Amino acid sequence: MSRVRRGRFISFEGGEGAGKSTQARRLVERLRAEGLEAISTREPGGSPGGEAIRDLLVNGPPERWSAITETLLMYAARRDHLERVIVPALERGAWVVCDRFFDSTRAYQGAGGGAPGELIAALETAVVGEVRPDLTLILDMPVAAGLARAARRGHGEARFEAKGTDFHERLRAAFLEIARREPDRCLVLQADAEVDALSAQIWTAIDQRLGGARNG
Ligand code: TMP
């Protein structure tokens with residue numbers, strides 16, 4: 001981004017069925033109630049091109065793509081999303097609330113799928129650059145409970161859900177490790193808390209970490 005950035009960028013992360021989408025939606029509603037411009041978006045997807053790439057990624061058999069191919073597709077979608085949606089929104093001062101961002105690639109394709117960490121790190125630098133989330137909320141819950149919740153939801157985009165418990169345990173551990181290494185950016189929250197209680201914790205975190213939404 002060439003100009004001074006004014007908006008805030010918040011990402012939600014976690015395994016399957018952690019309730020990220022619900023919490024992201026509630027947060028955007030709360031920000032708007034405070035009179036702020038806030039957009040709700042998601043990855044992979046979030047722009048017409050990104051959503052077209054999402055179709056390739058989330059449907060079909062689990063072994064449809066190798067971990068490296070998946071990483072490249074995720075980053076193609078991410079670049080389009082950044083150029084067309086995220087950066088313009090931040091530049092006009094809007095808050096961007098994104099359901100998943102680059103930590104999902106580190107966890108799913110890296111820790112889960114075995115894509116090389118150097119490749120993922122190089123793509124982060126080249127494609128994302130400075131436009132990193134100001135705050136990343138990692139919704140953590142036991143793998144079995146999350147997968148059961150995701151299966152009940154039954155949205156049909158089950159390619160990653162079908163990858164097996166070991167895969168999901170690796171990515172849960174990866175999200176917790178990311179939070180341990182980047183405590184200033186990341187906060188882990190217990191996702192099996194009651195929905196209203198979790199929303200309240202998220203609002204408190206935003207107040208504490210980002211200096212209060214009204215000052216944003
Ligand atoms: P969602 O179900 O949270 O909308 O995410 C779609 C799937 O895409 C989910 O199974 C996680 C996966 N995913 C990755 O594997 N790598 C990524 O970088 C992103 C953003 C999502």
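The values are calculated or read from the model by the stated rules, or taken from the named source; none is laboratory data. Nothing here was measured: the structure is a model prediction, and the numbers come from that model. Here the Cβ is made from the backbone with ideal geometry for all residues, glycine too, and neighbour counts use every protein chain on show. The area values use the complete protein model at the heavy-atom level, side chains included, leaving out ligands, DNA and RNA. Shrake-Rupley method; radii C 1.70, N 1.55, O 1.52, S 1.80 Å.
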Residue-wise, which Karplus ³J(HN,Hα) couplings in Hz belong to segment 128-141, taking 6.51 cos²θ - 1.76 cosθ + 1.60, θ = phi - 60°, and x for glycine or proline? 8, x, 7, 7, 8, x, 6, 8, 10, 9, 9, 8, 9, 7
In whole Hz, the Karplus estimates of ³J(HN,Hα) for segment 161-169 (6.51, -1.76, 1.60; θ = phi - 60°; x where Gly or Pro) are 4, 7, 7, x, 5, 4, 4, 6, 5
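At 0.890 mPa s and 25 °C, plugging the Kirkwood radius over alpha-carbon pairs of the chain into Stokes-Einstein gives what diffusion coefficient in µm²/s? Could you put the intermediate results ahead of the total?
Values: Rh = 17.4 Å.
Estimated via Stokes-Einstein, D reaches 141 µm²/s.
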Could you work out the Rg to Rh ratio of segment 85-159, with Rh taken as the Kirkwood radius (inverse of the mean 1/r over all Cα pairs)? 1.03
Binned Cα-Cα distances of segment 110-199, short to long, each 10 Å bin given as a whole percent: 14, 38, 38, 11
May I have the pair-distance distribution P(r) for segment 28-69, computed from all Cα-Cα distances with 5 Å bins from 0 and rounded to whole percent? 6, 20, 16, 15, 14, 10, 8, 7, 4, 0
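Counting only helical runs of four or more DSSP H residues, what would the 222 nm mean residue ellipticity of the chain come to if each run contributes -39,500 (n - 2.57) and the total is spread over all its residues? Walk me through the numbers before you get to the answer.
Details: 8 runs with 95 residues, N = 216.
Here the helix-only value at 222 nm equals -13500 deg cm²/dmol.
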Segment 8-215 - accessible surface per residue (Å², probe 1.4 Å): 44 Å²
Under 17 Å from the 7 Å Cα→Cβ point of residue 6, by amide nitrogen: which residues of segment 69-87? 86-87
Just add up the charged neighbours of residue 184: K/R +1, D/E -1, any other residue whose Cβ is under 15 Å from the Cβ of residue 184. +3
